[in-house]
Amino acid sequence: MAYRDLKEQGIIPPAYDFILHSRPGCALYVANLSLLHGVEEAIDLYFNENVDVFFGSPCSEETVVIGQMAAAANWNLPVLGYLSSDDSLSDKNVYNTLARTTVISATFFAQAVKMVVAQNGWKKVAYVGSNTLFTNLNRQAVVSALAPSGVDIFHMSTEANPTWQSIASNKAMTDLKANARVVLVMFGSEMNTSVPFMAAAHSLGYTTDPDFVFIIFSLANNYQSRPWDADYNGMSYPYLRAAYEGAYIIRIAGLDFASVNTFRQKLFAAENYTNPVGNDASIMPMYDAVFLYGMALNKSLADTGNKSVFTNGARLFQYMKNIEFTGVTSQVLINNDGERIPSYLFSRLPKNVSRIYTNLMLIEANRDDHCEPAIQGNLCYPYNITLTPDYLSITWPPDIPKCGYRYEKCDNTLFFTLGGVILASVIAIILVYYIMKKRRESLLYLMPWRVSMESVKLLSSGTVVRALVINDFDDIAERFINECQFKERHDQSATSVGGQYKSKRSEIQTAQANQFQSPRPQLSLL
């Protein structure tokens with residue numbers, strides 16, 4: 001399809017014709033193949049089919065070997081990688097005939113991550129992924145990009161294809177919370193591969209903690225569905241929707257599901273072919289690789305007039321550098337090393353988790369028109385960062401929480417201890433004071449009291465007593481005497497008191513002269 005488009009657009013001169021040889025390779029995409037099966041196929045194609053160019057392999061481990069063989073003097077063939085992401089392939093001292101149109105280059109992906117981290121001033125992040133070659137390659141690239149900037153990285157690795165239960169019960173999740181709050185999540189090129197981890201993090205309450213920031217890498221968009229569109233392993237889709245709410249993603253600009261679906265329809269219309277695997281986003285860069293090769297043929301022929309220049313891989317490689325064109329994966333910008341520079345979008349998953357992402361930052365590949373790549377090399381290809389108003393409206397949490405990862409900066413144990421001691425002391429003092437007061441009152445209540453004889457008088461009938469004070473005992477006076485009026489019955493009362501007085505005469509005579517002495521209870525009776 002790409003070859004036909006090149007001919008229709010007049011990019012490939014009529015003098016050239018293509019003969020395609022296709023062989024399987026890459027155990028990652030084709031089951032039951034050995035790890036380096038594609039290398040064996042490349043050797044056979046070179047010696048038995050006399051091929052002039054290699055497209056692939058899609059696997060980095062095979063491209064590493066094929067690229068070195070193709071760069072050898074006796075081979076000297078151009079190689080166009082369209083899916084291999086290994087950072088080592090950017091070393092043109094080794095791979096001097098290799099150009100790449102891949103959008104998942106670990107090198108530039110790591111630079112995009114670095115820009116997001118630097119923009120927010122974070123100095124401590126966590127990188128979470130499975131123990132697979134793809135995630136390990138990207139992890140190495142991210143570490144190499146962030147470490148020189150003084151960013152500390154906590155690593156968490158799971159087995160391949162983990163379940164959310166195995167992640168949630170893993171001690172590594174506890175260690176993650178104790179070491180980082182900014183979490184970079186990379187389990188594969190599709191966002192759907194992050195489901196087990198995000199489900200586990202949500203079950204532990206991490207996703208609802210405002211101190212956490214989850215940044216998910218989404219480098220392909222083969223599927224219209226999203227992780228929260230269906231139930232997963234015992235979790236309902238509303239639960240998963242909550243797990244992803246407010247998370248962030250880094251994705252390839254121009255490689256969304258709409259562009260993938262457009263390519264899918266174009267492929268079906270042109271070849272009556274539908275990719276059964278559904279990984280069209282992975283093969284779209286192959287179309288761009290063929291286009292890049294056709295443009296290099298055009299430029300080399302126009303420059304040299306030699307139709308055989310394509311047989312010199314190192315020479316043709318020079319014409320695959322510093323090129324820009326629009327491919328099926330949006331803008332294709334090839335730098336001075338023959339490496340494609342992808343553009344990235346940093347977006348937020350909105351709270352309602354619709355498919356409309358909120359773009360926060362555009363990290364755009366750019367070529368400086370006032371710069372000469374032959375002199376200044378890749379310095380002519382700086383990234384332009386554009387922040388949207390939505391980004392500026394967000395208050396980004398720090399990489400280290402205010403109270404620390406383990407809340408050690410807000411440990412109030414000492415204050416609680418001192419407060420407890422002080423409170424206990426106050427309570428004890430109050431309690432002791434209360435007990436002593438009650439004891440004194442009890443002793444005071446039971447001690448002997450004296451009432452002078454002159455204070456006891458018999459009143460005549462009809463006398464009204466307005467006030468009576470027996471020494472200092474005001475409370476007795478108020479209780480028994482206030483506003484009391486004695487009438488006829490008081491004579492009887494007086495006789496009764498007199499009788500009682502007479503009965504107590506012997507006791508009174510033993511006391512001091514003219515005084516009663518009695519405990520307070522008896523005095524109350526009196």
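The values are calculated or read from the model by the stated rules, or taken from the named source; none is laboratory data. None of these values were measured; they are calculated from a predicted model. Cβ placement follows ideal geometry from the backbone for every residue including glycine, while neighbour counts extend to all protein chains displayed. In case anyone asks, the SASA skips ligands and DNA or RNA and just uses the protein heavy atoms, side chains included. Shrake-Rupley method; radii C 1.70, N 1.55, O 1.52, S 1.80 Å.
A few comments on the model shown:
- Residue in segment 31-42 that is among the aliphatic types (A, V, I, L, M), loosely packed, with under 14 Cβ neighbours inside 10 Å and within 39 Å of the chain's Cα centre (by Cα) present: yes
- For segment 91-107, filtering for residues that are buried (at least 20 other Cβ atoms within 10 Å of the Cβ) and not β-branched (Val, Ile, Thr) leaves 6.
- If you check LEU360, LEU297 for being farther than 21 Å from ALA71 by Cα and in contact with a Phe, Trp or Tyr (Cβ under 7 Å, 6 or more places away or on another chain), only one passes: LEU360.
- Hits in segment 284-316 (condition: of a type in the set (Asp, Glu) and under 50 Å from the mean Cα position of the chain (by Cα)): ASP288
- Scanning segment 214-255 for residues that are part of a loop (DSSP other than H, G, I, E, B) and of a type in the set (Phe, Trp, Tyr) gives a single hit, TYR223.
- Between ALA99, ALA73, the distinction of being farther than 25 Å from GLU159 by Cα, modelled with pLDDT under 90 and among the hydrophobic types (A, V, I, L, M, F, W, C) belongs to ALA73 only.
- Matching residues, segment 190-199, being crowded, with 24+ Cβ neighbours inside 10 Å and either of a type in the set (A, V, I, L, M, F, W, C) or in contact (Cβ under 8 Å) with a residue 40 or more places away in the chain (or both): MET191, PHE197, MET198, ALA199
- Subset of segment 262-298 [of a type in the set (A, V, I, L, M, F, W, C) and part of a loop (DSSP other than H, G, I, E, B)]: VAL277
- Looking only at residues of segment 147-187 that are out of contact with any strand residue (DSSP E or B) (no Cβ under 8 Å at 6 or more places or on another chain) and among the small types (Gly, Ala, Ser), we find that the one that is nearest to GLN119 (Cα to Cα) is SER149.
- Being among the β-branched types (Val, Ile, Thr) and open to solvent by less than 30 Å² (accessible area, probe 1.4 Å) is a property that does not hold for ILE375.
- Positions within segment 299-350 being touching a residue at least 12 places away in the same chain (Cβ under 8 Å), within 20 Å of PHE18 (Cβ to Cβ) and either open to solvent by 50 Å² or more (accessible area, probe 1.4 Å) or assigned to a loop (DSSP other than H, G, I, E, B) (or both), in sequence order: LYS299, LYS307, THR311, ASN312, ARG315, TYR319, MET320, VAL328
- In segment 156-184, the qualifying residues are those that are hydrophobic (A, V, I, L, M, F, W, C) and more than 14 Å from the chain's Cα centre (by Cα), and the one that is farthest from PRO196 (Cα to Cα) is ALA172.
Yes or no, residue by residue, for (1) open to solvent by 10 Å² or more (accessible area, probe 1.4 Å); (2) of a type in the set (Asp, Glu):
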position: SER259; (1), (2): yes, no
position: LYS266; (1), (2): yes, no
position: ASP280; (1), (2): no, yes
position: LEU297; (1), (2): no, no
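- None of GLY234, GLY254, GLY246 is of a type outside the set (D, E, K, R), under 19 Å from PRO350 (Cβ atoms) and surrounded by fewer than 20 Cβ atoms within 10 Å (Cβ to Cβ) except GLY246.
- Search result, residues across segment 379-393 that are part of a helix (DSSP H, G or I) and either open to solvent by 60 Å² or more (accessible area, probe 1.4 Å) or free of Cβ contacts under 8 Å to residues at least 12 places away in the same chain (or both): LEU379, PRO389, ASP390, LEU392
- Residue match in segment 36-48 (condition: modelled with pLDDT under 90, under 26 Å from VAL332 (Cα atoms), touching a helix residue (DSSP H, G or I) at 6+ places or on another chain (Cβ under 9 Å) and part of a loop (DSSP other than H, G, I, E, B)): no
- Condition check for THR207: polar (S, T, N, Q) and buried (at least 17 other Cβ atoms within 10 Å of the Cβ): yes
One line per residue, one yes/no per condition, for (1) part of a helix (DSSP H, G or I); (2) closer than 16 Å to GLY188 by Cα; (3) open to solvent by 40 Å² or more (accessible area, probe 1.4 Å); (4) touching a strand residue (DSSP E or B) at 6+ places or on another chain (Cβ under 8 Å):
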| residue | (1), (2), (3), (4) |
| --- | --- |
| ALA110 | yes, yes, no, no |
| LYS114 | yes, no, yes, no |
| GLY129 | no, yes, no, yes |
| PHE134 | yes, yes, yes, no |
| LEU137 | yes, yes, no, no |
| ALA141 | yes, yes, no, no |
| ALA145 | yes, no, no, no |
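- Sole exception among (1) touching a residue at least 12 places away in the same chain (Cβ under 8 Å); (2) among the charged types (D, E, K, R); (3) closer than 23 Å to ALA126 by Cα for LYS402, by number: (1)
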